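These notes are about the structure you will find just below.
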Amino acid sequence: MKNKYIAIEGNIGVGKTTLAEFLAKHFKGSLLLEEFAENKFLKLFYQTKDYAFHSEMQFLLDRSLQMNTFFGQDHSIVFSDFHIEKSLVFSNMNLSKSNYFMIENIHQSLFKNFPSPDILIFLDSDIEQISKNIKSRNRDFEKDLGTEYLENLIKNYNFWLNKLKIPIIKINAKSINYVDEELLLKNLSILLKKALL
């Protein structure tokens, strides 16, 4: 599994970061985590549903800077809690067609020289569990996310997954048990090796 780039995706609050950190620790890999805390437009978007374009544009710029720094170094294996096309999934859902095409063009220009993930782990979960997770992590700007928004996000993720041209491993988030780390690592290793053959 040397020189591989493995991204983890899924709905909001599904456990992407926890799994990425677990895999990076046990495979001694580099960790690339989504940076969102400085995106003030995101918080405004969740509060008012305005500033969607501003939020996605800010994400593009922030991720471009982050990935330029990260991939300026050598990595034998990378685990990330986001796929670089994440912004396109959200933009497709939240923006007008004209604004979406603008974001898509900027995305292609900014990320064309960065490596793309070799494999995607997609965490599935039901809306009830996702809502519980969001509530338990208690981020102010996420507290008003409704069921309709989360269900719509699942639809947009599935649309995106159907077009993705890399191996995809779908895992039910409820099946991940961090208490028995040895068994979890064994099961994940088997899935990754099969997908990377």
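Quick notes
- Test for Lys43: is it at positive phi and either of a type in the set (D, E, K, R) or assigned to a helix (DSSP H, G or I) (or both): no
- Any chance Gln66 is surrounded by fewer than 17 Cβ atoms within 10 Å (Cβ to Cβ), more than 15 Å from the chain's Cα centre (by Cα) and of a type outside the set (Val, Ile, Thr): no
- Residue within the stretch 98-112 that is outside any helix (DSSP H, G or I) and over 15 Å from the mean Cα position of the chain (by Cα) present: yes
- Residue, modelled with the highest pLDDT, within the stretch 1-36, restricted to residues that are under 11 Å from the mean Cα position of the chain (by Cα) and among the polar types (S, T, N, Q): Thr17
- Set side by side, the residues Lys170, Lys165 differ, and just one is under 26 Å from Leu88 (Cβ atoms), outside any helix (DSSP H, G or I), in contact (Cβ under 8 Å) with a residue 40 or more places away in the chain and not β-branched (Val, Ile, Thr), which is Lys170.
- Checked across the stretch 156-165, the condition of being under 19 Å from Ile12 (Cβ atoms), of a type in the set (S, T, N, Q) and out of contact with any strand residue (DSSP E or B) (no Cβ under 6 Å at 6 or more places or on another chain) holds for at least one residue.
- Enumeration of residues in the stretch 5-32 that are surrounded by fewer than 17 Cβ atoms within 10 Å (Cβ to Cβ), in contact with a strand residue (DSSP E or B) (Cβ under 7 Å, 6 or more places away or on another chain) and not in a strand (DSSP E or B): Glu21
The values are calculated or read from the model by the stated rules, or taken from the named source; none is laboratory data. Note that the coordinates shown come from a computational prediction; the quantities given were computed from them, not determined experimentally. Backbone-built Cβ (ideal geometry, glycine too); neighbour counts: all protein chains shown.
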